[in-house]
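**Q** The structure under discussion is supplied below as structure tokens; questions concerning it will follow.
The values are calculated or read from the model by the stated rules, or taken from the named source; none is laboratory data. The structure presented is a predicted model; accordingly, all values stated were derived computationally and were not measured. Neighbour counts run over all protein chains shown; Cβ positions are idealised from the backbone, glycine included.
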Amino acid sequence: MKMTFRWYGEGNDQISLQHIRQIPGVEGIVWSLHDMPAGEVWEQSRINREKALIEKAGFHIDVVESVNVHEDIKLGLPTRDKYIENYKETLRRLAKAGVKVVCYNFMPVFDWTRTELYKQTEDGSNALFFEKSQIENIDPITLIDKISKDVDVTMPGWEPERLAKLKETFKQYEGFTAEDLWQNLKYFLEQIIPVCEACDIKMGIHPDDPAFPIFGLPRIIINKENIGRFLNLVDSPYNGLSLCTGSLGSSANDIPDIIHTYCSRIHFIHIRNVKRYENGDFIETSHRACDGSVDTVKVIETLHQHDYSGYVRPDHGRHIWGEEAWARPGYGLYDRALGIMYIWGVWDSLSR
Ligand code: DNO
């Protein structure tokens, strides 16, 4: 397993590459050009600049999270072909810089959704929280207004250009079904996977977060069966997964079983834990297995059994030791660093 850490870039992340350097065993930075609107071709010079910066600090740039998919592709509009061509060109340019894996998602409108970013917990830390009844009773625009006033950074998946068109985008999705989304995903993959094969970039789709439909929008990458269907849309090793234990853990998925079944197609994995409540709410917890509903020990054990050699990163941590004052929601330094040590702890003892 190759350990990585997500970093938002200079001037866009309070955590420095030098901080990350001090976490044991981190080899690579998971990066992106976060200000790049979906659908645009990434400039080679900007890719190269990011590469130079990250490599100078002693890390590899093998994994990009994410190259976002333009909404017209998900909706299957006639304009999609132009955006797919742009996507292909970005992939070629990333390959030229040495990128190996690209993470993306295919969720309509939203990327990830929570109802609270700083939910207080008993020990004084706070974490991202999802309250199901709120989602059922609030319109998405009000939720976005409420959430985004709590943060002064642009969060991936909540980019200004996306939020500005929310009403209009929802209208475009009226009457849109899960089958429509499947078809549009297949169309996209049939176009891009041959390019990935030619330039040696593995695609890893990120599961939907949460892993169930919200606001009447379809969600398809949500369970074992659908992941199987997804992998068969284009049956190539280049069409793979960025498995996220927290996203799949938002509903009762058997994640070790999913890993066991599809391990050869998992190119990247996000390890974190969530605690699910009976009413459908969930909160993000520490990475430790007994703190949440995901058996993270078994997740790591299953990866170990399969001799997993792909990329791993600790996903969302709680905000601890006051870091919510400066850290990005879910992406502080401390709890993610603790998460890495937990993952290594389990992995190393299994290796012994
Ligand atoms: C949230 C992340 C997601 C993820 C995308 C991948 O913190 O897990 O934003 O990066 O869904 O495209």
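**Q** Residues of the range 320-352 being among the charged types (D, E, K, R), touching a residue at least 24 places away in the same chain (Cβ under 8 Å) and surrounded by fewer than 21 Cβ atoms within 10 Å (Cβ to Cβ), which ones?
**A** Filtering the range 320-352 for residues among the charged types (D, E, K, R) gives 323-324, 328, 335-336, 348, 352.
Among the residues that remain, those that are also touching a residue at least 24 places away in the same chain (Cβ under 8 Å) are: 324, 328, 335-336.
Matches in the range 320-352: GLU324 only.
**Q** Can you give me the ranges of the strands (runs of 3 or more DSSP E) entirely in the range 1-110 with at least 1 residues that are within 16 Å of the ligand (Cβ to nearest atom) and either over 20 Å from HIS206 (Cβ atoms) or touching a Pro at 6+ places or on another chain (Cβ under 9 Å) (or both)?
**A** 2-6, 63-65
**Q** Run GLY317 past the list (1) touching a Gly at 6+ places or on another chain (Cβ under 9 Å); (2) part of a helix (DSSP H, G or I); (3) among the small types (Gly, Ala, Ser); (4) buried (at least 20 other Cβ atoms within 10 Å of the Cβ) and report the number of the one that doesn't hold.
**A** With (1) touching a Gly at 6+ places or on another chain (Cβ under 9 Å); (2) part of a helix (DSSP H, G or I); (3) among the small types (Gly, Ala, Ser); (4) buried (at least 20 other Cβ atoms within 10 Å of the Cβ) applied to GLY317, the lone miss is (2).
**Q** Give me the residue from the range 112-145 that is at pLDDT below 90 and part of a loop (DSSP other than H, G, I, E, B) and, out of that set, nearest to the ligand (Cβ to nearest atom).
**A** ILE138
**Q** Further question: For the range 168-248, please list each of the helices (runs of 4 or more DSSP H) lying entirely inside it that holds at least 1 residues being within 16 Å of the ligand (Cβ to nearest atom) and over 29 Å from ARG114 (Cβ atoms).
**A** 178-199
**Q** Moving on. If only one of HIS270, HIS260 is touching a strand residue (DSSP E or B) at 6+ places or on another chain (Cβ under 9 Å) and modelled with pLDDT of 95 or more, which one is it?
**A** HIS270 is the lone residue from the list that is touching a strand residue (DSSP E or B) at 6+ places or on another chain (Cβ under 9 Å) and modelled with pLDDT of 95 or more.
**Q** I'd like to check something: does the range 249-267 contain any residue that is within 15 Å of the ligand (Cβ to nearest atom), polar (S, T, N, Q), closer than 30 Å to ASN184 by Cα and under 20 Å from the mean Cα position of the chain (by Cα)?
**A** Looking for residues that are within 15 Å of the ligand (Cβ to nearest atom), polar (S, T, N, Q), closer than 30 Å to ASN184 by Cα and under 20 Å from the mean Cα position of the chain (by Cα), one finds at least one in the range 249-267, hence yes.
**Q** Still on this structure, I have one more. Given the conditions (1) under 24 Å from LEU248 (Cα atoms); (2) surrounded by 15 or more Cβ atoms within 10 Å (Cβ to Cβ); (3) at pLDDT below 95, report the number of the one that SER148 does not fulfil.
**A** (1)
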